[in-house]
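First the structure, in the form of structure tokens, and then the observations on it.
The values are calculated or read from the model by the stated rules, or taken from the named source; none is laboratory data. This structure is a prediction, so every number in the text was calculated from the model and none was measured. Note that we place each Cβ from the backbone using ideal geometry, even for glycine, and neighbour counts take in every protein chain shown. Accessible surface areas use protein heavy atoms only, side chains included; no ligands, DNA or RNA. Shrake-Rupley method; radii C 1.70, N 1.55, O 1.52, S 1.80 Å.
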Amino acid sequence: MRKLFQIIFYIQLILISILVIVLTIRGFVYAARSTNHFRPEKWYPPLLGSAASAGIVSYLWEWISFHDPSKAIKIAFCVGPLLTCAVGILHILIGCPISLAIGTIAIISSVIQSLYTCWVKPRFDYATKILTVSTSFPPDKTATFVILSIITCLVYSSFLVTGIGGATAAGTGLDILFIIVILLTYTWTMQVIKNMLYVTISRVRYMNFACGADMNTWIAFRDTVQHLVGRVCIGSAVVPVIGTIRGSARAMKSVVGGTDEFLFSCADCYSRLASTLITYGNRWGFVHVGVYNKGFMQASADTWGAFKTAELIPLIDSDLTGAFCFFSGVAVGSICTLVGGTWALAIHKSYATEVSIYAFFIGYFICRVALAWQQACVSAYYVAYAENPQSLQFDATIPVRIQELLQRYNV
């Protein structure tokens, strides 16, 4: 499977590159015709400008979250919903049917985000502590890896944008299909880039937490590139799907409660399915992929088993690191949408909707890549603690939190 996924990943990179080059050339040919209404000088600048904004804001946000986690967490959860609401208002101002639908969804989403923020606010202090203790001594050359990753994502995103612009110039049904394929492969590729960094950093931090050893980050990255690409590709395809299923199952179970026996039964069945899937596909498995060179599903099962043995599942379920990274990605994506969408709205209104959508994708994924090393440090901390809770490498952060959860459940 790992060889198959590795081959598929490299083949799709080659094919998408060829497709983008062909679409770009064809797009400029179409734009040169007097009868064509596509204006590249008004389509590309807003989108490329929003991509540049994504790189700058993502790096600044990564810097803030590392140096002041408490402030970063509060900003992500409190300001993020406001930015999402602003995106909804922008789309309503654009006025076309698709924009009105997107605007309505964005405003509803901002309300849901706000309610979620109110619900998890008591967990902010622990989220700050676990993020601080796990990233207090970052691996060497971390800043270099983050900058190189952001630059790589920017170059790749800009390259695909040229192809999307070429497809937009023609505007046929087949071109719409090409755009969808480009966006899907872009999503997978960005996940792979993020998780390559995730596996590298989590391996280095795990060795420090578990053994007190310092490992060279470049060596860890070289090993990841040479031996683990296939496993990372599998995890990058599986984890987002399973994470979405499990998140929706937990939300459904919370909403349904015990008010209706039939709905409760359906929600419970769905929750059990999600709990089974998460055992064989979770982001903590990337730690064992890097450290022990395991297959992704085996690594996921082993780390989840370690959490069960150490009775850390409630703690893992209440951890806000993943939600913090998600809210950060949405916030940066919203900023890029506001930059690109407002720019396009000012110079060519008919381009505003699509530019806004593409800008959000770029901003979201580049931010997730920038924060991947911090999420990897937290995952390495949890996995190392689960395997040896008595180690002197750990302070009282997790035991104190476990006691707080036990007191809350007993009450």
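So the check is Cβ under 8 Å with 6+ separation or different chains; which pairs have a first residue in the stretch 56-72 that's closer than 14 Å to ALA143 by Cβ and in contact (Cβ under 8 Å) with a residue 40 or more places away in the chain and a second one that's open to solvent by 30 Å² or more (accessible area, probe 1.4 Å) and not polar (S, T, N, Q)?
TYR59/ILE147; PHE66/PRO138
What's the number of the condition PHE66 fails, among (1) surrounded by fewer than 22 Cβ atoms within 10 Å (Cβ to Cβ); (2) under 29 Å from GLU354 (Cβ atoms)?
It is condition (2) that PHE66 fails.
Going by what's in this entry, would GLY290 be described as within 23 Å of the chain's Cα centre (by Cα), surrounded by fewer than 21 Cβ atoms within 10 Å (Cβ to Cβ), within 20 Å of GLN226 (Cβ to Cβ) and modelled with pLDDT of 90 or more?
no
Pull up the stretch 37-84, narrow it to residues that are among the charged types (D, E, K, R) and not in a helix (DSSP H, G or I), then point me to the one that is farthest from GLY165 (Cα to Cα).
Here the residue is ASP68.
Does LEU160 satisfy the criteria of being closer than 23 Å to TYR186 by Cβ, crowded, with 22+ Cβ neighbours inside 10 Å and touching a Phe, Trp or Tyr at 6+ places or on another chain (Cβ under 8 Å)?
Criteria met by LEU160.
Which residue, of GLY285, GLY281, is of a type outside the set (Lys, Arg), within 19 Å of ASN195 (Cβ to Cβ) and modelled with pLDDT under 90?
Of GLY285, GLY281, the one residue that is of a type outside the set (Lys, Arg), within 19 Å of ASN195 (Cβ to Cβ) and modelled with pLDDT under 90 is GLY281.
Determine which single condition MET215 fails, assuming it passes every other condition in (1) in a helix (DSSP H, G or I); (2) of a type outside the set (D, E, K, R); (3) open to solvent by 20 Å² or more (accessible area, probe 1.4 Å).
Here MET215 clears every test but (1).
Which of the residues that make up the stretch 1-36 are touching a Gly at 6+ places or on another chain (Cβ under 7 Å), buried (at least 17 other Cβ atoms within 10 Å of the Cβ) and within 21 Å of VAL161 (Cα to Cα)?
Within the stretch 1-36, LEU19, VAL20, LEU23, THR24, GLY27 meet the criteria.
Filter the stretch 37-61 for residues that are buried (at least 18 other Cβ atoms within 10 Å of the Cβ) and of a type in the set (A, V, I, L, M, F, W, C) and give the result.
If the condition is that a residue be buried (at least 18 other Cβ atoms within 10 Å of the Cβ) and of a type in the set (A, V, I, L, M, F, W, C), then PHE38, TRP43, LEU47, LEU48, ALA51, ALA54, VAL57, TRP61 are the ones that fit.
Return the only residue of VAL225, VAL192, VAL204, VAL232 being assigned to a helix (DSSP H, G or I), more than 23 Å from TYR156 (Cα to Cα) and β-branched (Val, Ile, Thr).
VAL204
Spot the failing condition for CYS266; the list is (1) at pLDDT below 90; (2) within 20 Å of VAL120 (Cβ to Cβ); (3) hydrophobic (A, V, I, L, M, F, W, C), and only one is missed.
Failing condition for CYS266: (2).
Would you pick out the residues in the stretch 387-400 that are part of a helix (DSSP H, G or I) and open to solvent by 10 Å² or more (accessible area, probe 1.4 Å)?
Hits for the stretch 387-400 are GLU387, THR397, PRO399, VAL400.
Look through the stretch 299-326, keep the residues that are among the aromatic types (Phe, Trp, Tyr) and surrounded by fewer than 24 Cβ atoms within 10 Å (Cβ to Cβ), and return whichever of them is farthest from TRP43 (Cα to Cα).
Checked the stretch 299-326; the qualifying residue farthest from TRP43 (Cα to Cα) is PHE307.
Specify which of the listed residues (THR152, THR187, THR104) is open to solvent by 30 Å² or more (accessible area, probe 1.4 Å), part of a helix (DSSP H, G or I), more than 27 Å from ASN282 (Cβ to Cβ) and out of contact with any strand residue (DSSP E or B) (no Cβ under 9 Å at 6 or more places or on another chain).
Just one listed residue meets the conditions, THR104.
Restrict the check to the stretch 79-91 and report whether at least one residue is of a type outside the set (D, E, K, R), open to solvent by 60 Å² or more (accessible area, probe 1.4 Å) and either farther than 30 Å from TRP373 by Cβ or in contact with a helix residue (DSSP H, G or I) (Cβ under 6 Å, 6 or more places away or on another chain) (or both).
Yes, the stretch 79-91 contains at least one residue that is of a type outside the set (D, E, K, R), open to solvent by 60 Å² or more (accessible area, probe 1.4 Å) and either farther than 30 Å from TRP373 by Cβ or in contact with a helix residue (DSSP H, G or I) (Cβ under 6 Å, 6 or more places away or on another chain) (or both).
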